[in-house]
Amino acid sequence: MPTTDLNSKSIQSFATASLIFGILSPLTCFTGFLPLVNGGLSILFAVLSRREDRPFPTMSWWGIFFSVIGIFMGALILTFVVLYYVIPMMTDPAFYQEMNTYYINHYGVSLDDLWQVQ
């Protein structure tokens with residue numbers, strides 16, 4: 001098998017992986033750090049799909065596009081959660097007690113039990 005066929009297949013594989021992880025990035029934006037990981041992998045695979053003598057494949061461009069959107073959305077949601085839930089819960093005892101009651105009613109476990117490392 002000629003070397004150009006192997007290069008072509010590896011380029012196509014990396015471009016496809018870039019597109020898949022790029023699409024997964026915005027789809028997982030509400031899961032915490034997962035869109036950042038998926039977006040990073042998408043950009044990595046896009047860079048690996050480029051060769052010196054060829055431009056980026058179209059699928060790699062789409063992968064980068066979706067991953068940038070996913071990374072932005074994920075970072076925005078994480079910032080929102082930290083600013084409006086984590087920091088107030090650490091500084092306001094009434095808000096902490098309200099969240100603790102919510103967790104006990106919905107999940108059957110208190111926040112104090114969740115914070116304990118065993």
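The values are calculated or read from the model by the stated rules, or taken from the named source; none is laboratory data. Computed from a predicted model, the values in this text were never measured in an experiment. Cβ coordinates were reconstructed from backbone atoms using ideal geometry, including for glycine residues, and neighbour counts include every protein chain displayed.
Taking (1) in contact with a helix residue (DSSP H, G or I) (Cβ under 7 Å, 6 or more places away or on another chain); (2) assigned to a helix (DSSP H, G or I); (3) loosely packed, with under 12 Cβ neighbours inside 10 Å in turn, residue 94 satisfies each apart from (1). Of the numbered criteria (1) in contact with a helix residue (DSSP H, G or I) (Cβ under 8 Å, 6 or more places away or on another chain); (2) touching a residue at least 40 places away in the same chain (Cβ under 8 Å); (3) not aromatic (Phe, Trp, Tyr), the one residue 11 fails is (1). Residue check: residue 78 meets all listed conditions (1) within 30 Å of residue 112 (Cα to Cα); (2) in contact (Cβ under 8 Å) with a residue 40 or more places away in the chain; (3) surrounded by fewer than 16 Cβ atoms within 10 Å (Cβ to Cβ) but one, namely (3).
Taking the conditions (1) in a helix (DSSP H, G or I); (2) over 13 Å from residue 25 (Cα atoms) in turn, residue 109 satisfies each one other than (1). Cβ-Cβ distances below 8 Å connect the following pairs, each with a first residue in the range 51-65 that is free of Cβ contacts under 8 Å to residues at least 24 places away in the same chain and within 16 Å of residue 26 (Cβ to Cβ), a second residue that is of a type outside the set (Val, Ile, Thr) and crowded, with 18+ Cβ neighbours inside 10 Å, and a separation of six or more residues or different chains: 61/46.
Take the conditions closer than 21 Å to residue 20 by Cα, within 28 Å of the chain's Cα centre (by Cα), surrounded by 13 or more Cβ atoms within 10 Å (Cβ to Cβ) and modelled with pLDDT of 90 or more and apply them to residue 72. Does it pass?
Values: closer than 21 Å to residue 20 by Cα: yes; within 28 Å of the chain's Cα centre (by Cα): yes; surrounded by 13 or more Cβ atoms within 10 Å (Cβ to Cβ): yes; modelled with pLDDT of 90 or more: yes.
When the stated conditions are applied, residue 72 passes them.
From the list 64, 104, 43, which one is assigned to a helix (DSSP H, G or I), out of contact with any strand residue (DSSP E or B) (no Cβ under 8 Å at 6 or more places or on another chain), among the aliphatic types (A, V, I, L, M) and over 22 Å from residue 8 (Cβ atoms)? That would be 104, the only listed residue that is assigned to a helix (DSSP H, G or I), out of contact with any strand residue (DSSP E or B) (no Cβ under 8 Å at 6 or more places or on another chain), among the aliphatic types (A, V, I, L, M) and over 22 Å from residue 8 (Cβ atoms). Exactly one residue out of 20, 77 is touching a Cys at 6+ places or on another chain (Cβ under 9 Å) and either in a helix (DSSP H, G or I) or among the small types (Gly, Ala, Ser) (or both): that is 77.
Between 111, 27, which is surrounded by fewer than 18 Cβ atoms within 10 Å (Cβ to Cβ), among the aliphatic types (A, V, I, L, M) and over 30 Å from residue 10 (Cα atoms)?
Values: 27 fails: over 30 Å from residue 10 (Cα atoms).
Going through 111, 27 in turn, the sole match is 111.
Of all residues in the range 51-68, those that are over 15 Å from residue 20 (Cβ atoms) and either surrounded by 16 or more Cβ atoms within 10 Å (Cβ to Cβ) or of a type outside the set (D, E, K, R) (or both) total 3.
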